[in-house]
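*Asks:* Below you will find the structure I want to go over with you.
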Amino acid sequence: MKRPLLITDCDEVLLHMVSHFAEWLEAEHKVRFAYETGRFSDAMIKAETGEALAIDEAQSVSSAMTSSLNALRTSGRFSVSRSTWRARSI
């Protein structure tokens, strides 16, 4: 099976955001962000049981995060700038 290759760059802004995301997860959802897993999809762990979140639970957390960001955005306390880029075939 062929898969596309995606090359990305992670800078300090993203790394800084992850620490705040981890704090928010713990405070709002009692979920620990396990950096050591090496995979974002496996990093959300229930603080009480140590189990990874099920897909529906992770989607619920994602929706809650989106709602929180939208509330901040509409309050004027948070802004988002978007950049566009074009994918190139290699």
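*Asks:* With a point put 7 Å past each Cα toward its Cβ, work out how far TRP24 is from LEU72 in nm, to one decimal.
*Replies:* 0.5 nm
*Asks:* Quick one: net charge around ILE45, please, counting Lys, Arg +1 and Asp, Glu -1 for every other residue with C-beta under 13 Å from its C-beta.
*Replies:* Neighbour charge sum, excluding ILE45 itself: -2.
*Asks:* I've got another one for you. How charged is the neighbourhood of ALA54? Take every other residue with its Cβ under 13 Å from the Cβ of ALA54, and add Lys/Arg as +1 and Asp/Glu as -1.
*Replies:* For residues surrounding ALA54, the net value is -3.
*Asks:* To continue, here is another question. Which of the trypsin sites (Lys or Arg not before Pro) found in segment 14-47 are in a DSSP loop and have at most 12 neighbouring Cβ atoms, other than their own, within 10 Å?
*Replies:* The qualifying sites are LYS30, ARG39.
*Asks:* Moving on to the next point. When the gyration tensor of segment 14-75 is built from Cα positions, what are the square roots of 5 times its three eigenvalues, in whole Å, from largest to smallest?
*Replies:* For segment 14-75, the semi-axes come out at 20, 14, 10 Å.
*Asks:* Whose amide H sits under 5 Å from the amide H of VAL31, counting only residues 5 or more places off or on another chain, with H placed in the peptide plane?
*Replies:* GLU26, ALA47
Quick note: the coordinates plus some simple rules give every number you see, no bench work behind them. Just so you know, these numbers come straight off a predicted model, no measurement behind them. In this analysis, Cβ positions are derived from the backbone assuming ideal geometry, glycine residues included, and neighbour counts consider all displayed protein chains.
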